[in-house]
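For reference, the structure is listed below as C-alpha cells.
The values are calculated or read from the model by the stated rules, or taken from the named source; none is laboratory data. Not measured: the values here are computed from a predicted model. Heads up, the Cβs are rebuilt from the backbone with ideal geometry, glycines too, and the neighbour counts pull from every protein chain shown.
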Amino acid sequence: MAPASAALPTGESDGVPGDLDRRRGATGYGGLNRESVPLLDLGQAVPDRRRMITSAKRDRRPAWRGNLSEMPQARPSLPGEPSIDLGAGAPDGGRLLQMTGDHEREHGFAEALAEARHPQTEALPLKRDVAAFVDGLLGILFPQLSEERGMTAEEIQAALTLVRRDLRDLLGPLEAPPRSAEVAGSFMVALPALYEQIRLDGEAILAGDPAAESLDEVISAYPGFLAIAIHRIAHEIHRLGVRVLPRLLTEVAHTRTGIDIHPGAAIGRGLCIDHGTGVVIGETAVIGDEVKLYQGVTLGALSVAKSAAGTKRHPTIGDRVVIYANATVLGGDTEVGHDSVVGGNVWLTDSVPSHSVVYQSSQVKVRSAMEGFEFSDFVI
C-alpha cells in the first residue's frame, strides 16, 4: 500500500466515483451531490486517499468523542449504500463518521446557496469590471492617469472604440442588446462635452486651493477631482435611463476617496471639492456653477422615509456658494442663495437669501487661573 501522503492520480479508483475530480474541476463544488460520495465501509481497509482526508480532518477539528448515536446530523445509510461497520477493526470510526456529518452540513448549505442562485436572481455587472472600465476611460481622457502617455490620434480612436464595446458589455446584464448598443452610442456622443466639464472641475480645484501647484498635480493626486470626474460619467449614464451601473460607478469613487455623490445629483460647471473626505451629496441635490465644498459637507434629506422616494429631498445650492467643513444642509425645500457662505459645523434646514453669511457663533469666556476647570462647560 502506498504511504498515506501519496495521492492517487485523478480518476483512479479509490472508492470515490472516477469522475468526481473531473466534475469538481469543471463545475466547482456545486457539482457534488449526496449520491456521488457514498458512505464509507469502516470495516474494510481505508485506501490511501481516505487516510489523507482523515488526517486533514484530524488536524482541523477534534474527533467526535460522544455517543455515536447522538452525533449531530448523522444519518442512516440510504438504500443501496454500504452500511457503517463500527467494529474493532475501525479505530478511526468516530472521526470518519464526523466526516460524514460534515459532508451532510456542507451539502445542506450548498443546496441553500444553489437555491439563492436561481435564474430569477438579477444579474449585475461586477464592481471590478466597472472599476476597470472607468479607469480605462479616464486614462484615455487624461494621460496623467494612464501608462500610455504617447498615444497617437489613431490609437486613441481605437481605444475609444473599445470603450464603446466595454460599456455595451457592462450594460448586457441590465439592458436588451439593442438598448445596450443605443446607450453606449449616446454616451460616446456626449463624451467630448463631459471631457470639457471635467477639465473645468480640475481648473476650479487648481484656482481654489493655494496648495495646488499645477493642473497635472490636481488630475493625478486630488481625490476631489477623481470623485467629480467619475460622477460626471455616472450622471450621464444615469441620465440615459440606465439602472444600477451609475451607482456602481460612483461607489468606485466612494471607495477610493471617501466622497459619496449620488449619480442623480445635478452639478453645474467648475465644482471644487477640497480635501473631500466625508462629503455626501444626495440624489436630488442641485448644485450651481463654481461652488466650493470642503471636507465633511453633507447635502442631505430631512427624512429618510422610503415613501419620500421620487421626491425632491435634497437642497439646492446657488452659484458661487462656499460651504465650509462639516456643514450640514438638509431638505428638498432648502435653498442657499448665490454668492453665500455657509460656515463650518453649521446645521441648516431653512433657506437663506443670496449674499448671506451663515455661521455658528462660538462663545469665548476668559477665566482666571484660580477658577476651577469643569468638563461640563463643554458641549460636544
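When residues of segment 137-193 are filtered for being of a type in the set (S, T, N, Q) and under 21 Å from Pro125 (Cβ atoms), how many remain?
Total satisfying the criteria: 3.
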Checklist line | Restricting segment 250-266 to residues that are among the aliphatic types (A, V, I, L, M) and either touching a Gly at 6+ places or on another chain (Cβ under 6 Å) or more than 19 Å from Leu138 (Cα to Cα) (or both), the residue that is surrounded by the most Cβ atoms within 10 Å (Cβ to Cβ) | finding: Ile259
Checklist line | Conditions (1) assigned to a loop (DSSP other than H, G, I, E, B); (2) under 25 Å from the mean Cα position of the chain (by Cα); (3) small (Gly, Ala, Ser); number of the one not met by Gly150 | finding: (2)
Item checked: Criterion (in contact (Cβ under 8 Å) with a residue 40 or more places away in the chain, closer than 18 Å to Pro223 by Cβ and among the hydrophobic types (A, V, I, L, M, F, W, C)) met by exactly one of Ile273, Ile281 -> Ile273
Check: Say we look at segment 330-348 and pick out the residues that are among the charged types (D, E, K, R) and within 15 Å of Asp319 (Cα to Cα); which of these is surrounded by the fewest Cβ atoms within 10 Å (Cβ to Cβ)?
Finding: Asp339
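It is to be established whether one or more residues within segment 230-247 are assigned by TED's automatic domain parsing to the domain that holds Arg128, in contact with a Cys (Cβ under 9 Å, 6 or more places away or on another chain) and buried (at least 18 other Cβ atoms within 10 Å of the Cβ).
Scanning segment 230-247, I find no residue that is assigned by TED's automatic domain parsing to the domain that holds Arg128, in contact with a Cys (Cβ under 9 Å, 6 or more places away or on another chain) and buried (at least 18 other Cβ atoms within 10 Å of the Cβ), so the answer is no.
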Next item on the list: Enumerate the pairs (first residue in segment 350-367 and over 23 Å from Leu302 (Cα atoms); second residue anywhere and in a loop (DSSP other than H, G, I, E, B) and of a type in the set (Asp, Glu)) with beta-carbon separation below 6 Å, excluding pairs fewer than 6 apart on the same chain, so at least 6 apart or on different chains.
Entry: His355/Asp339
Margin query: If I filter segment 304-319 down to residues being in contact with a Leu (Cβ under 9 Å, 6 or more places away or on another chain) and part of a loop (DSSP other than H, G, I, E, B), which single residue comes out as surrounded by the most Cβ atoms within 10 Å (Cβ to Cβ)?
Written below: Pro315
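Tell me, which residue of segment 165-193 that is in a loop (DSSP other than H, G, I, E, B) and not aliphatic (A, V, I, L, M) is farthest from the chain's Cα centre (by Cα)?
Glu175
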Notebook entry, point to check: In segment 291-308, which residues are out of contact with any strand residue (DSSP E or B) (no Cβ under 8 Å at 6 or more places or on another chain) and in contact (Cβ under 8 Å) with a residue 12 or more places away in the chain?
Noted result: Gln295, Gly296
Note to self: As an exercise: evaluate Val244 against (1) more than 24 Å from Gly337 (Cα to Cα); (2) free of Cβ contacts under 8 Å to residues at least 60 places away in the same chain and give the number of the one condition it does not meet.
What the structure shows: (2)
